[in-house]
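Notes follow the structure.
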Amino acid sequence: FDGLLKGLSNAFDRGLCKYLSHLDLSENKAGSNGAVRVAHVVSQCMHLVHLDLSSNFLGSAGMLTLATAIRNCGELEYLNLKSNEIGDKGVSSLASTLQHSKLRYINLHRNKIGDAGVNYLIEFLPRCQNLAHLDMSGNAIGSEGANWMANVVRELPNLKSVELHENWISDEGIGAISSVLHGCHALQNLSLSRNNVGVEGAWRLAAALSFSKTLSKLLLGGNRIEDEGVQWLAQALPECANIQIFDLSDNSIGSRGAASLSAVLCDCRSLRELSLDFNFIGDKGATSFAHFLSKDHKLHTLNLCRNDIEKEGKRRLATALSHCSTTLTTVLVNYRANGPQPLEELSELQEDDFPSETEVAAGLRSPGTACRAGMFGSSLAVFQRDRKPRDGDVSTQTTM
């Protein structure tokens, strides 16, 4: 890495990289010592538009060294500082570089930033009027920081994506974040997964959803919303006119929550993907979704993996799919077993009237259709983006 930086420095000194616009030095573990060399290179990139320094563990000292160099990059639009452990002090150094910024993308994922760090940002971040994507996920932002963040977001008219998953925002902070849906007219993606959001937070968010005219992706996985919180969200969901992707995975949702959601899904004409994996909806909840699948809807993907759905629930889902004539292409369900089971051991789950185009892996399949082992990995890798497939997960897939 030192040799690379030395070569770049020599190239700049000879005028060979005068108009360099993209610089990717990610995953080099430069550390605070290497930050000096990085800063020397960056300071010469007067026309830099794209800078990726992710996974270099720069620390607060390294960020202080780099701050002046980044300030000289007046054309910079993309800045990725993911996984650098810069902390609140490092954010203070970074904030001073944002005074006259053209930045459209800022990634500060996993940097040990707390509420104090957010407080440093709020003074300067509103000057980034072109900002479209802000990633503050994987930090230590609490309810106070969420309040400050909400005030900043309202002042960024072009902001389309806010990622705050894996913080400590909780119900109080969610109330503040939810309030931005009233006035942030460009916001399309809001990620609040793994923030200890409970029933009260779901209620606060539901109250604001009807005011959102642009939100298309809402991620709430890994919280503690439970059935009562889902009931509030279900009431508001049809009012969220452009919602396309909704994630409620790993929220301790049972059959009552499943019934609340399935009852309104036909009214959610823009919804395309619903994730409820890692909950407890069981056969009763699966039956609620089976009733929904037989109706007119626009859903493309329904993820019900790891939900304690047994044979009866799978049978009802499969029967509903066999009569489904809408846009649905994939339903993911669970099978609690130690890996894929031979088809002959699950032959009692077959239905004679399944259409030939319906393929169901490990136990639900149409007559004469082979179970493809690859489906155990490929389907789950696509629809469970942040999770590796687990032994026992299976998919039910139809092609229309």
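Quick one: work out Rg over Rh on the C-alpha atoms of the stretch 131-236, Rh as Kirkwood radius.
0.93
Report the far tail of the P(r) of the stretch 138-187, meaning the percent of Cα-Cα pairs longer than 14 Å.
Taking all Cα-Cα pairs of the stretch 138-187, the fraction more than 14 Å apart is 45 percent.
If you average the alpha carbon positions of the stretch 177-227 and of the stretch 80-158, how far apart do those two centres end up, in angstrom?
About 19 Å separates the Cα centre of the stretch 177-227 from the one of the stretch 80-158.
Measuring from a point 7 Å past the Cα of Glu312 along Cα-to-C-beta, which residues in the stretch 265-284 have an amide N at less than 13 Å?
Residues 282-284 fall inside that zone.
What is the stretch 1-127 by shape, rounded, prolate or oblate, if you read a ≥ b ≥ c off the alpha carbon gyration tensor as root eigenvalues and call it rounded for a/c under 1.5, prolate for a/b larger than b/c, and oblate otherwise?
Since a/c reaches 1.5 but b/c is at least a/b, the shape of the stretch 1-127 is classed as oblate.
Could you pull the accessible area for Arg71 with a 1.4 Å probe, rounded to 10 Å²?
My reading of the accessible area for Arg71 is about 110 Å².
Hey, what do the phi angles of the stretch 259-276 turn into as Karplus ³J(HN,Hα) couplings, whole Hz, using 6.51/-1.76/1.60 and θ = phi - 60°, x for Gly and Pro?
Karplus-based 3J(HN,Hα) across the stretch 259-276 equals 5, 4, 5, 4, 5, 10, 4, 5, 8, 9, 6, 9, 5, 10, 9, 10, 10, 10 Hz.
Expressed in nm to one decimal, what extension gain is obtained for the pair Asp267 and Asp13 from 0.36 nm per residue of sequence separation less their Cα-Cα distance? Mind dumping the intermediate values first?
Numbers: separation 254, 0.36 × 254 = 91.44 nm, distance 6.27 nm.
So the extension gain works out to 85.2 nm.
Using the Karplus equation 6.51 cos²θ - 1.76 cosθ + 1.60 (θ = phi - 60°), what ³J(HN,Hα) coupling, rounded to whole Hz, does each residue of the stretch 185-197 give in order, writing x for Gly and Pro?
Those phi angles translate into 7, 9, 4, 10, 10, 10, 10, 10, 5, 6, 10, 6, 7 Hz.
What do you reckon, how do Tyr19, Tyr78 stack up by accessible area (1.4 Å probe), largest on top? Walk me through the numbers on the way to the answer.
On the way: Tyr19 155, Tyr78 55 Å².
In descending accessible area the options line up as Tyr19, Tyr78.
For Trp203, Trp232, Trp168, write out the residues from largest to smallest accessible area, computed with a 1.4 angstrom probe and no ligands counted.
Trp168, Trp203, Trp232
Please compute the modelled spin-label separation between Thr214 and Met46, points set 7 Å along Cα→Cβ, answer in nm with one decimal.
Between Met46 and Thr214, the label points sit 3.5 nm apart.
Rounded to the nearest 0.05, what FRET efficiency do His291 and Arg154 have when you use their Cβ-Cβ distance and R0 = 35 Å?
0.30
Got a sec? What order do His300, His185, His50 fall in by accessible area at 1.4 Å, biggest, i.e. largest, first?
The ordering from most to least exposed comes out as His185, His300, His50.
The values are calculated or read from the model by the stated rules, or taken from the named source; none is laboratory data. The model shown is predicted, which means the values in this text are computed figures rather than measured ones. Cβ: placed from backbone, ideal geometry, glycine included. Neighbour counts: every protein chain shown. Side chains included, ligands, DNA and RNA excluded: accessible areas come from the protein's heavy atoms. Shrake-Rupley method; radii C 1.70, N 1.55, O 1.52, S 1.80 Å.
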